[in-house]
Every structure is written in structure tokens, then in C-alpha cells.
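The values are calculated or read from the model by the stated rules, or taken from the named source; none is laboratory data. It should be emphasised that the depicted structure is a prediction, and the values quoted were computed from it without experimental measurement. Every residue, glycine as well, gets a Cβ built from its backbone with ideal geometry; the counts of neighbours run over all protein chains shown. Surface accessibility is based on the protein's heavy atoms, side chains included, excluding ligands, DNA and RNA. Shrake-Rupley method; radii C 1.70, N 1.55, O 1.52, S 1.80 Å.
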Amino acid sequence: MRLAAQLREPRSGRCLMVTTTEPGLQVYTGNYLNGIRGKGGQTYDQHWGICLETQHFPDSPNQPHFLHGASSG
């Protein structure tokens, strides 16, 4: 396992540390959220979410030099 990402929110002191054995990291943001209703009727506005997803590189099935299951480095 290695540290892949760290997010901090200075006002609350919250910290998210993501460790992984995967070589890649996809980042999704809530930029498209604009008053969307979610679970329990909660309204989600723009920038209200972020997702960090560890995985192999998206094009790895087409790249023979990418070793599946091996970490890079």
C-alpha cells in the first residue's frame, strides 16, 4: 500500500487519506451538480461532492506493457 492522495479541509480539520496498490487514480467532482435531489430529498449543489477511485489506468487493456496487478514503482 502507498499513499495516492490526501485531501484536507482546514476549517473542520477533516482529512481523507487514500492508500492503494493500484497504479492509477480517477477523480470525479460534483461540478455538474445543480440542485439535484439525492437520498432523503437532500439537494446537492455544484461542487458538493468529490470521488477518488483507485484503479488501473483506463487504457491498460490496450497497453501490453502495463502489468496487471503490479504497482508502478
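Here the label points at Val18 and Ile50, each 7 Å from Cα along the C-beta direction, are separated by 0.9 nm in the simple model.
Rolling a 1.4 angstrom probe over the protein heavy atoms with all chains in place gives the chain an accessible area of 80 Å² per residue.
Among the protein heavy atoms, those of Val27 account for about 80 Å² of accessible surface (1.4 Å probe, every chain in place). The dipole here belongs to the stretch 1-45: it is taken about the Cα centre, uses +1 on the Cβ of Lys and Arg and -1 on the Cβ of Asp and Glu, and is about 140 debye.
Among Thr43, Thr20, Thr29, which one moves the most in a GNM of the chain with springs linking Cα atoms closer than 10 Å? Greatest mean-square fluctuation among the candidates belongs to Thr43. Residues in the stretch 55-66 carry Karplus couplings, in order, of 5, 6, 4, x, 9, 4, x, 9, 10, x, 7, 7 Hz; the curve used is 6.51 cos²θ - 1.76 cosθ + 1.60 with θ = phi - 60°, and Gly or Pro positions show x.
Protein heavy-atom surface of the chain, 1.4 angstrom probe: 53% of the accessible area is carbon and sulfur, with nucleic acids and ligands not counted. Using only the Cα atoms of the chain, build the gyration tensor, take square roots of its eigenvalues as a ≥ b ≥ c, and label the shape rounded, prolate or oblate: rounded if a/c is under 1.5, else prolate if a/b is larger than b/c, else oblate. The shape class here is oblate.
Within the listed set Gln26, Gln42, Gln63, the residue fluctuating most in the Gaussian network model of the chain (springs between alpha-carbon atoms under 10 angstrom) is Gln42.
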